[in-house]
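Chemist: First the structure, which I've put down as structure tokens, then a few questions once you've had a look.
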Amino acid sequence: APDKPRGPALLPLGALPSPLRRYLLVLVLFSLGNSSDALLLLWARDSGISAAQIPLLWTAHNLVKALLSAPLSALSDRGGADLGARIAVRRRSIRVAFAVYALCYLGFATQSGRGWALGLFLLYGVYYALLEGTEKALVADLAPTGARGGAFGWFHAVLGVTALPASLLAAALYRSGQADGTGPLRAFGCGAVLASLAALLLGTVRPAPASSRAT
């Protein structure tokens, strides 16, 4: 009997260009400090937001995210057709997003109260709008032309694998400081530090020579 056709082989991580591998490492570092948003809602409750107000707070956050996602993602396209310029612009946009995230988490770590909760959740929507489209666009720019599917597979794998340990770490840090009130400082302070380090390391992600991106 003729052999059945085989499905596409998994793209080895080592087959990815080195700039893309460095970018994935940056995302690992950032994602380890990116806890579940459920922890932010717990912080909001502890900051004086009532159970009835929390859905309104989350709706305001999502409204900012929805309104700004398209225009802020479009800003990262300003590099035009030149790949090097486009990657540089996207890298700056992601760095700004990481900085906004770090600022939000610093606020979650050190502040409390209804006014702070509203302001920080709105700013957190700006972070999402800055990052979500641009981080995927940078994967496409850094990936070899014929292997973008595999590159996105690794991108989503990185985010998926780090989600659970990030949430477990943040929850453990939050609980460890409940007795003395330092839980937010420990959990969100860790996230702010990791986001700041990721923003610094993002500068190492630079485009590969054109020949290495071709199939």
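Chemist: Just going by the charge dipole of the chain, with Lys and Arg at +1 and Asp and Glu at -1 on Cβ, which of VAL126, TYR23, VAL100 is farthest out on the positive end?
Modeler: The listed residue farthest towards the positive side: TYR23.
Chemist: Take every Cα pair under 8 Å in the chain that's 6+ residues apart, average their separations, divide by the length, and report that relative contact order as a whole percent. Please report the intermediate quantities before stating the final value.
Modeler: Values: 283 pairs, mean separation 81.4, N = 215.
Worked out over the chain, it gives 38 percent.
Chemist: In whole Å and largest first, what semi-axes does the C-alpha gyration tensor of segment 84-127 yield when each eigenvalue is scaled by 5 and square-rooted?
Modeler: 28, 9, 4
Chemist: Can you compute the modelled spin-label distance between THR204 and GLU132, with each label point 7 Å from Cα toward Cβ, in nm?
Modeler: With each label point 7 Å from Cα toward Cβ, the separation is 3.0 nm.
Chemist: Sort segment 4-79 into rounded, prolate or oblate with this rule: let a ≥ b ≥ c be the square roots of the eigenvalues of the Cα gyration tensor; rounded if a/c is under 1.5, and if a/c is not under 1.5, prolate when a/b is larger than b/c, oblate otherwise.
Modeler: Details: a/c = 2.43, a/b = 1.92, b/c = 1.26.
It is prolate, given that a/c is not under 1.5 and a/b is the larger ratio.
Chemist: Heavy atoms only, probe 1.4 Å: what % of the accessible area of the chain goes to carbon and sulfur, would you let me know? Provide the component values of the computation, followed by the final result.
Modeler: Values: 7200 of 10730 Å².
In the chain, the share of accessible area belonging to carbon and sulfur is 67 percent.
Chemist: For the chain, with only Lys/Arg (+1) and Asp/Glu (-1) charged at the beta-carbon, what is the dipole magnitude about the Cα centre, in debye rounded to 20? Intermediate results must be reported in sequence, preceding the final value.
Modeler: Working: 19 positive and 9 negative charges, 88 e Å.
Value, rounded to 20: 420 debye.
Chemist: Let me ask something else. Give the whole-number value, in cubic angstrom per residue, of the convex hull volume spanned by the C-alpha atoms of the chain.
Modeler: Values: hull volume 32.7 nm³, N = 215.
Value for the chain: 152 Å³ per residue.
Chemist: While we're here: Tell me, what is the FRET efficiency for ILE54 and ASP77 to the nearest 0.05, using R0 = 25 angstrom and their Cβ-Cβ distance as r?
Modeler: With a Förster radius of 25 Å, E is 0.10.
Chemist: Per residue, how much accessible area does the chain show when a 1.4 Å probe rolls over the protein heavy atoms, in square angstrom?
Modeler: Numbers: 10730 Å² over 215 residues.
Per-residue value: 50 Å².
Chemist: Residue by residue, what Karplus-based ³J(HN,Hα) values in Hz, rounded to whole numbers, does segment 34-47 have, using 6.51, -1.76 and 1.60 with θ = phi - 60° and x for Gly and Pro?
Modeler: Values per residue, Gly and Pro as x: 9, 6, 4, 5, 4, 5, 5, 5, 5, 4, 4, 4, 5, 8 Hz.
Chemist: Moving on. In nm, to one decimal, how far is the modelled label at LEU67 from the one at ALA179, with both set 7 Å along Cα→Cβ?
Modeler: Each label point is offset 7 Å from its Cα along the Cβ direction, giving 4.5 nm.
Chemist: Placing +1 at every Lys and Arg Cβ and -1 at every Asp and Glu Cβ, with all other atoms neutral, what dipole size does segment 1-105 have around its Cα centre, in debye to the nearest 20? Please list the in-between numbers first.
Modeler: Details: 12 positive and 5 negative charges, 74 e Å.
So the magnitude is around 360 debye.
Chemist: Pull up all non-local amide H partners of SER36: gap of 5 or more, or a different chain, and H-to-H distance under 5 Å with H placed in the peptide plane.
Modeler: Placed amide hydrogens put SER167 under 5 Å from SER36.
Chemist: Ordered by residue, what ³J(HN,Hα) values in Hz, to whole numbers, does segment 184-194 give under the Karplus form 6.51 cos²θ - 1.76 cosθ + 1.60, where θ = phi - 60° and Gly and Pro are x?
Modeler: x, 4, 5, 5, 7, x, 4, x, 5, 5, 5
Chemist: For SER112 and ARG95, calculate 0.36 nm times their separation in residues minus their Cα-Cα distance, and state this gained length in nm to one decimal. If you can, show how the numbers build up before the last one.
Modeler: Values: separation 17, 0.36 × 17 = 6.12 nm, distance 2.62 nm.
Fully extending the segment from SER112 to ARG95 adds 3.5 nm.
Chemist: For the chain, what does -39500 (n - 2.57) per DSSP helix run (n ≥ 4), summed and divided by total residues, give at 222 nm, in deg cm²/dmol to the nearest 500?
Modeler: Values: 8 runs with 156 residues, N = 215.
Calculated from helices alone, the mean residue ellipticity at 222 nm is -25000 deg cm²/dmol.
Chemist: If you add up the charges near VAL28, with Lys and Arg at +1 and Asp and Glu at -1, over every other residue whose beta carbon is less than 14 angstrom from its beta carbon, what do you get? Intermediate results must be reported in sequence, preceding the final value.
Modeler: Details: positive: ARG21, ARG22; negative: GLU135.
Once positives and negatives cancel, what remains is +1.
Chemist: Sticking with this structure for a sec: What shape does segment 164-208 have by the C-alpha gyration tensor, where a ≥ b ≥ c are the square roots of the eigenvalues, rounded means a/c under 1.5, and otherwise prolate means a/b greater than b/c and oblate the rest?
Modeler: Details: a/c = 7.59, a/b = 2.64, b/c = 2.87.
Since a/c reaches 1.5 but b/c is at least a/b, the shape of segment 164-208 is classed as oblate.
Chemist: Classify segment 100-174: rounded, prolate or oblate, from the alpha-carbon gyration tensor (a ≥ b ≥ c, eigenvalue square roots; a/c under 1.5 rounded; otherwise prolate if a/b is larger than b/c)?
Modeler: On the way: a/c = 4.31, a/b = 1.84, b/c = 2.34.
Because a/c hits 1.5 or more and a/b fails to exceed b/c, segment 100-174 counts as oblate.
Chemist: Can I ask one more? What list of ³J(HN,Hα) values in whole Hz, one per residue of segment 124-134 in order, does the Karplus curve 6.51 cos²θ - 1.76 cosθ + 1.60 (θ = phi - 60°) give from phi, with Gly and Pro shown as x?
Modeler: These are the phi-based 3J(HN,Hα) values: 5, x, 5, 4, 4, 5, 5, 8, 4, x, 6 Hz.
Chemist: Please give the length that would be gained between ALA15 and SER167 if that part of the chain were fully extended, namely 0.36 nm times their separation in residues minus their C-alpha to C-alpha distance (nm, one decimal). Write out the running numbers ahead of the final one.
Modeler: Working: separation 152, 0.36 × 152 = 54.72 nm, distance 3.01 nm.
Answer, rounded to one decimal: 51.7 nm.
The values are calculated or read from the model by the stated rules, or taken from the named source; none is laboratory data. Quick caveat, the model's predicted, so the values are computed rather than measured. A quick note on method: Cβ atoms are made from the backbone with ideal geometry, for glycine too, and the neighbour counts reach across all protein chains shown. The area values use the complete protein model at the heavy-atom level, side chains included, leaving out ligands, DNA and RNA. Shrake-Rupley method; radii C 1.70, N 1.55, O 1.52, S 1.80 Å.
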